[in-house]
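Q: Submitted below is the structure of interest, expressed as C-alpha cells.
We did not get these values from a lab; they are worked out from the coordinates using the rules stated. The structure displayed is predicted, hence computed values, not measured ones. Every residue, glycine as well, gets a Cβ built from its backbone with ideal geometry; the counts of neighbours run over all protein chains shown.
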Amino acid sequence: MVGSLRTGADRSVRCGLACLSVVRKLYVIGIGAGDPDQVTVQAIKAMRRVDVFFVIGKGEAKRELVDVRTAILTEHLEHPYRIVEIADPPRERTVGDADYRDVVRDWHERRAALLAGAFAECEGVGAILVWGDPSLYDSTLRMVERVAARAPLDYEVVPGITSAQALAARHRVVLHEIGEPVHITTGRRLREEGIAAEGSTLVVLDGETSFTHVSGDDLHIWWAAYLGMPDEELIEGPLGAVRERIVQRREELRADKGWIFDIYLIRRVPPQG
Ligand SMILES: C[S@@+](CC[C@H](N)C(=O)[O-])C[C@H]1O[C@@H](n2cnc3c(N)ncnc32)[C@H](O)[C@@H]1O
C-alpha cells in the first residue's frame, strides 16, 4: 500500500513496520508553487508539530516536485520525522465530460484508500504537503474528507501561495481589471468553451497549449512556466504576437525536463492610444 519508505534528511527516522496506533491528527499544508521561500511561517510552525509526512509521488519524471517538498523539510525542521511516499495510482483516460467526472471520482477513491492505509500503518501527527494551495485544482482535501468519513480524523488546512498568485507577482499584474471578474479554468475547458465572455481568464492544467484555440486581435497573454523554480520562464504580450514563441519554448522546456508546469492569464486589452 505504501509505495516506499524514505528517511527525510539526516534528522529523520524510520519507524518500525508495525506501528502502535493510527494517525488521527492531520495537517494539509500548502507549500507554495515552487519557490521554497514562499513557504509561510504558519506552514513552518505546523510542520514542526508533525511526526510523519505523506507524499503522493508523481513518478520519476516529476521527482523534482517531491524533491522540493523534502528540501523544505530539511531546511526548516530539526526534530525527527518520517516521510512516507505513496505511489499515485494511474488514472484512466477519459472521453466525455460525464466520463471524466466518473474517472476522476474513481481515481480519488483509490487515492483515498491508499491514504487511509498509510494512516493506519503510522502513528502521531501527520501532514500532507500540497503544491501551491489545497483550494486550487488539488484533490487532497477531497481525499482527506473521504478518509475522515471512514475513521476518526481531525484535520486542519494551512494555506499556501498559489501558482495564480506567483504568476501575478512575477508579471507584476493584477489578475482582473477594476471591478471585473476573473474566471479560473483548465486547458481542457478553455478549448471547449473559449475564454470568459467578461473579464480575465486564468488557465491551469493545460497539457495542450489550448491558448492556440482562442483568437482575437485585442487578446493579451501573461504566461509562465516553472514559477519559482530554477527553470522559471516568463513570456507576455499580445496573444497573436507571442503565441508561437510560447508554443515553441514550451515544447523545448518540456523536452528538456520531461514534464512542464505552466499557467497563464488572458484578457482583452483595448488598443493603446
Ligand atoms: C494540479 S494543479 C495544482 C495547483 C496548485 N494547487 C496551486 O495552488 O497552484 C497544477 C497546475 O498548476 C499550475 N502550476 C502549479 N505550479 C506551477 C508553477 N510553479 N509554475 C507554473 N504553473 C504552475 C500549472 O497549471 C499546473 O498544471
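Q: Write down the percent of antiparallel bridges among all DSSP beta bridges whose residues are both part of segment 163-268, to the nearest 5.
A: Just about 75 percent of them are antiparallel.
Q: To the nearest 500 deg cm²/dmol, what mean residue ellipticity at 222 nm is calculated for the chain from DSSP H runs of n ≥ 4 alone, each contributing -39,500 (n - 2.57), summed and divided by the residues? List each step's numbers first, then the result.
A: On the way: 7 runs with 91 residues, N = 273.
Estimated from H runs of four or more residues: -10500 deg cm²/dmol.
Q: For the chain, what does the relative contact order come out to in percent, with C-alpha contacts under 8 Å and a separation of six or more?
A: Normalised by residue count, the contact order of the chain is 22 percent.
Q: Give the relative contact order (percent, whole number) for segment 163-268; include only Cα pairs under 8 Å separated by 6+ residues. Provide the component values of the computation, followed by the final result.
A: On the way: 177 pairs, mean separation 32.1, N = 106.
30 percent.
Q: Just tell me the longest site-free run in the chain, where the sites are GluC sites (Glu not before Pro) in a DSSP loop having at most 15 other beta-carbon atoms within 10 Å.
A: Counting only loop sites that pass the neighbour cut-off, the longest clear stretch is 93-176.
Q: Next up: Could you order peptides 213-220, 166-173, 32-39 by the average number of other Cβ atoms within 10 Å of their residues, highest first?
A: Ranked from most to least packed, the peptides come out as 32-39, 166-173, 213-220.
Q: Please report the antiparallel percentage of DSSP beta bridges with both residues in the chain, rounded to the nearest 5.
A: 45 percent
Q: When N counts the residues of segment 163-268, how does its alpha-carbon radius of gyration compare numerically with 2.2 N^0.38 Å, as a ratio?
A: 0.99
Q: Right, next: Give the residues of segment 227-256 whose amide nitrogen is closer than 17 Å to a point set 7 Å from the Cα of GLU75 in the direction of its Cβ.
A: 227-232
Q: Next question. For helix 97-120, what angle does its Cα long axis make with the longest principal axis of the chain, in degrees from 0 to 90 and rounded to 10?
A: The answer is roughly 30 degrees.
Q: Something else now. When the Kirkwood hydrodynamic radius is evaluated over all pairs of different C-alpha atoms of the chain, what value in angstrom, to one decimal, is obtained? Let's see the in-between values first.
A: Details: mean 1/r = 0.0498 Å⁻¹.
Final number for the Kirkwood radius of the chain is 20.1 Å.
Q: Here is a follow-up. Roughly what angle does helix 63-76 make with the longest principal axis of the chain, taking Cα atoms, 0 to 90 degrees, to the nearest 10?
A: 60 degrees
Q: Working from Cα positions, state the angle (0 to 90°, nearest 10) between the long axis of helix 239-257 and the longest principal axis of the chain.
A: So the helix axis and the longest Cα principal axis differ by about 30 degrees.
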